[in-house]
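What follows is one structure encoded as structure tokens, with my remarks underneath.
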Amino acid sequence: MSSWDRFVDSFFNARVAWEYLPRIIDGFWLTILLALSIIASGLAAGLILAVLRSFGLRPLNWLIVFLVDLFRALPPLVIIALLYFGLPAAGLSLSGFAATWLSLSLVLMAFAEEIFWAGITATPRGQWEAARSTGLSFLQTLGWVVLPQAVRMVIPPLTNRTIAITKGTALGSVVAVSEILGAAQAGVSFSFNPTPLTLGALAYVVLFVPVVILGRWIETRFAWKR
């Protein structure tokens, strides 16, 4: 057998690919579910923290800044390990899926809060003053005037951060989450052949290339025209 034949047999073995393709497909759908859950909860939590920070309550702002800096500084894998392996010692147990979801949601929350806050502070002060002069309350000004402008400004960086954090779903494989990478690693362990990893790589391409293209379109669509 030539070197090329050994390479093809190792990474493109048709028999192994056909046998483990269903598991990769299951991992593909689980990855999508996990990614959507992380995006929804992380962005919502980040927006809530940014809105709370806009009230200007110093003790609350200090707490928000501390939490945001903490989860921006900690590697996501460390957070996953702490939640999955550490919480049982405190009497709380999370599944691998829940630990991965919560960990990556907290990381996305931290970055999203800073991005939303940057959008709020970038909104011209005159917008606040003009809205308040018409009789709108602080909350009405924030919700109807400031936030729509702030969110529009931060859509491009939020898109990039969302794409980056969803790629982190692969970290779930370390806590037995059978997403794409977890399913591929299990296939390698049982088949003694790396072909499932090739399938996993192709699955990531199928998943993320459209997402990256969509992100590029969103960046162009919502970029400020100069």
> Does segment 55-74 include one or more residues that are within 20 Å of V174 (Cβ to Cβ), open to solvent by 30 Å² or more (accessible area, probe 1.4 Å) and aromatic (F, W, Y)?
Replying inline: yes
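Condition check: in contact with a Phe, Trp or Tyr (Cβ under 9 Å, 6 or more places away or on another chain), open to solvent by 50 Å² or more (accessible area, probe 1.4 Å) and in a helix (DSSP H, G or I). Does R221 satisfy that?
no
Here's the yes/no breakdown for (1) more than 18 Å from the chain's Cα centre (by Cα); (2) over 21 Å from G46 (Cβ atoms):
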residue: L92; (1), (2): yes, yes
residue: A98; (1), (2): no, no
residue: S105; (1), (2): no, no
residue: L108; (1), (2): no, no
residue: R132; (1), (2): yes, yes
residue: L139; (1), (2): yes, no
residue: W144; (1), (2): yes, no
residue: I155; (1), (2): no, no
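Please go through segment 191-213 and give me each residue that is without any contact (Cβ under 8 Å) to a residue 40 or more places away in the chain and over 13 Å from L21 (Cα atoms), ordered by number.
First, pick out the residues of segment 191-213 that are without any contact (Cβ under 8 Å) to a residue 40 or more places away in the chain: 192, 201-202, 204-205, 209-210, 213.
Passing the criteria: F192, Y204, V205, V209, P210, I213.
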> For the subset of segment 133-162 comprising residues that are in contact with a Gly (Cβ under 7 Å, 6 or more places away or on another chain) and of a type outside the set (S, T, Y), which member is farthest from A118 (Cα to Cα)?
Replying inline: N160
>> For segment 150-189, which positions are in contact (Cβ under 8 Å) with a residue 40 or more places away in the chain, assigned to a helix (DSSP H, G or I), open to solvent by 40 Å² or more (accessible area, probe 1.4 Å) and not aliphatic (A, V, I, L, M)?
In response: R152, P157, N160, R161, K167
> Among the listed residues I32, I38, I79, I25, which satisfies the condition of being surrounded by 14 or more Cβ atoms within 10 Å (Cβ to Cβ), in contact with a Leu (Cβ under 6 Å, 6 or more places away or on another chain) and under 30 Å from V205 (Cβ atoms)?
Replying inline: I38
>> Suppose we filter V78, V16 for residues that are over 28 Å from the mean Cα position of the chain (by Cα) and closer than 25 Å to S189 by Cα; which single one remains?
In response: V16
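The values are calculated or read from the model by the stated rules, or taken from the named source; none is laboratory data. All values derive from a computational prediction rather than experimental measurement. So basically every Cβ, Gly included, is an ideal-geometry build from the backbone, and we count neighbours across all protein chains shown. For accessibility, only protein heavy atoms count, side chains too; no ligands or nucleic acids. Shrake-Rupley method; radii C 1.70, N 1.55, O 1.52, S 1.80 Å.
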